[in-house]
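All remarks here apply to the structure that follows.
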Amino acid sequence: MKDYLFNKKTIYYSLLFSFIIIMGGYLLIVYLYPSTTNDSGYYLKIAYDLAHGLSFFKELNCSYSPLVMYILSVPFYFNNDIGLTFLFTYAFAIFPLIGILFFQILKFYNSNNEECFFLTILLITANFVFEGFHILLEPYVLLFQLIAIWLLLKWKLKKGTLFLVGVFTFLAFYAKQYGLFIMPALMFWIYKESKNIKLSAFNFSFLILGFFVPILILVSYFYTYENIPVKVFLLKLFGIQALKGNEIVTGIDYSVIGVFKKVGQFVIDFPFIIVVVILFFGTKIKSISNNSWFALLLLLGAFCTLYFAYYSHYFQLIIPYVIISIVTFSKGLIEKKYIILLFSSTVFLVGASLKLKNKFVEKKEHYNEQLTNIPILKSNISSKNVYLHGISPAYYFLCKYNSPNYAALGYKFPSELTLNDISRKLSEGDCILIEPKFFEQKIFDSYIKKSEFTVIDGVKRKSVLLLEKK
């Protein structure tokens, strides 16, 4: 019996240590080879511009909610030349906060501190594996979602609490619109905790009020101080203009088959989702608790983000609700079902280790690529107003290039717009960087060729053309 318990303890600490090693490995490659991805460079350049007077809602064409960009802009108020090492440290400071909140939420369903700590470390590790070692919006969305959930579980149906839950749900939405997908689960929880329908409606009103009061404050501020019409502000806030327009708002090459493939890969990479399925079908529907239904609605809402795209980092918003679902279905997970936990953790760790190895090589190549390209670009492009079509948008931040047309183009990725649209929206003296294969005389008849030079793309070299509008 003692050997049996010892083995379980050994397994527990071995897995925990392995999670920490994986997490440390991702942090190591970030600090050894600090570089930015397309998305990270995009967010950081907008953050840099916000700190230098750009009005997000008035001047910039951007389909995202701006809160995270405002948060990332804070260091640039103090120093224009902050390095990536500091920016990564600043961005990663959010993970301990996520960990503390997640631990506290798990404690509502499981009083075992060891299990809650184990699952919290699993969450942080998994989020790093699913591209959390980049500077992205998702961790901030998750932080505000977790605050809203924690408030609801901690202080339940108090009017002030429900108002604050609405506020933090709005902040999750203001960090990225997908943050709103926790709202159905919150309303379900309130409905089940209320004594009757009349009281439910009363409680809903405080939740909804908490969500819309910040919007009213923002509308008033931007209308009064930046002269932004209310309709324009609301359309941008809810991303209506992007949804109605010609721009691509889903992932490139989005398909239903692609969704199923990505979810299938997620099941392999994070097999704990299988545990949820096993526990769900192993429980009679009538026996499923309100806590489990609440967790499942959170999980279902998180999966709704895949309607728009299925990038790996989107799963950062799914993983926590997989874990919460497991805990609500099964108390004493390590004690009673440690074999399932061992199997799932082992599969996860094998995949995470392979990914870490690949990311180490990829990050090193990316770092060397950017280290080589920055001086090349700066020596060949004298204009600060340039649209980067033939090279990563990360160089908007790395070289501090400005959008040639903030209102119409912003820093839109080339795949979101046609070359015709981009060409027409540039003004005299503005530049565009493209690959020679995209050059068409009928599109660029009003441009002159400034230069042609070679940049690094991965481990290969490629030529790019710099064109200036006459």
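The table for this structure:
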item: Of residues in segment 110-134 being in a loop (DSSP other than H, G, I, E, B) and touching a Gly at 6+ places or on another chain (Cβ under 9 Å), the one nearest to Ile21 (Cα to Cα); result: Asn112
item: Condition check for Ser423: surrounded by 18 or more Cβ atoms within 10 Å (Cβ to Cβ) and among the polar types (S, T, N, Q); result: yes
item: Residue list for segment 36-66, filter: touching a Gly at 6+ places or on another chain (Cβ under 9 Å) and among the small types (Gly, Ala, Ser); result: Ser63, Ser65
item: Subset of segment 161-198 [without any contact (Cβ under 8 Å) to a residue 24 or more places away in the chain and either assigned to a loop (DSSP other than H, G, I, E, B) or of a type outside the set (Phe, Trp, Tyr) (or both)]; result: Thr161, Leu180, Met187, Lys195, Asn196, Ile197, Lys198
item: One residue from Phe103, Phe118 being of a type in the set (Phe, Trp, Tyr), open to solvent by less than 10 Å² (accessible area, probe 1.4 Å), on the phi < 0 side of the Ramachandran plot and over 17 Å from the mean Cα position of the chain (by Cα); result: Phe118
item: Of all residues making up segment 441-464, the number that are loosely packed, with under 15 Cβ neighbours inside 10 Å and in a loop (DSSP other than H, G, I, E, B); result: 6
item: Unmet criterion (only one of (1) at pLDDT 95 or above; (2) aromatic (Phe, Trp, Tyr); (3) surrounded by fewer than 21 Cβ atoms within 10 Å (Cβ to Cβ)) for Phe238; result: (1)
item: Selection count, segment 368-414, where residues are closer than 19 Å to Asp430 by Cβ, open to solvent by 10 Å² or more (accessible area, probe 1.4 Å) and part of a helix (DSSP H, G or I); result: 3
item: Subset of segment 184-222 that is in contact with a helix residue (DSSP H, G or I) (Cβ under 8 Å, 6 or more places away or on another chain) and among the hydroxyl-bearing types (Ser, Thr, Tyr) - its residue that is farthest from Gly166 (Cα to Cα); result: Ser194
item: Any hit, segment 418-425, residues being in contact with a Ser or Thr (Cβ under 9 Å, 6 or more places away or on another chain) and not hydrophobic (A, V, I, L, M, F, W, C); result: yes
item: Of all residues in segment 38-49 being farther than 22 Å from Tyr223 by Cα and open to solvent by less than 30 Å² (accessible area, probe 1.4 Å), the one that is farthest from the chain's Cα centre (by Cα); result: Lys45
item: Neighbours by Cβ (under 9 Å, 6+ apart or cross-chain): first from segment 132-150, at negative phi; second of a type in the set (Lys, Arg); result: Phe133/Lys359; Phe133/Lys363; Leu137/Lys176; Glu138/Lys176; Tyr140/Lys176; Val141/Lys176
item: Matching residues, segment 50-99, being buried (at least 19 other Cβ atoms within 10 Å of the Cβ), out of contact with any helix residue (DSSP H, G or I) (no Cβ under 8 Å at 6 or more places or on another chain) and in a helix (DSSP H, G or I); result: Leu84
item: Some residue of segment 39-50 being at pLDDT 95 or above and of a type in the set (D, E, K, R); result: yes
item: Residue match in segment 23-35 (condition: over 30 Å from Leu218 (Cβ atoms) and of a type in the set (Val, Ile, Thr)); result: yes
item: Candidates Phe144, Phe173, filtered to the one that is at pLDDT 95 or above and open to solvent by less than 20 Å² (accessible area, probe 1.4 Å); result: Phe173
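The values are calculated or read from the model by the stated rules, or taken from the named source; none is laboratory data. What you see is a predicted model, and the numbers here were worked out from it, not measured in a lab. Neighbour counts are summed over all protein chains in view; Cβ atoms, including those assigned to glycine, are modelled from backbone coordinates with ideal geometry. Just so you know, the surface numbers come from the protein's heavy atoms only, side chains and all, with ligands and any DNA or RNA stripped out. Shrake-Rupley method; radii C 1.70, N 1.55, O 1.52, S 1.80 Å.
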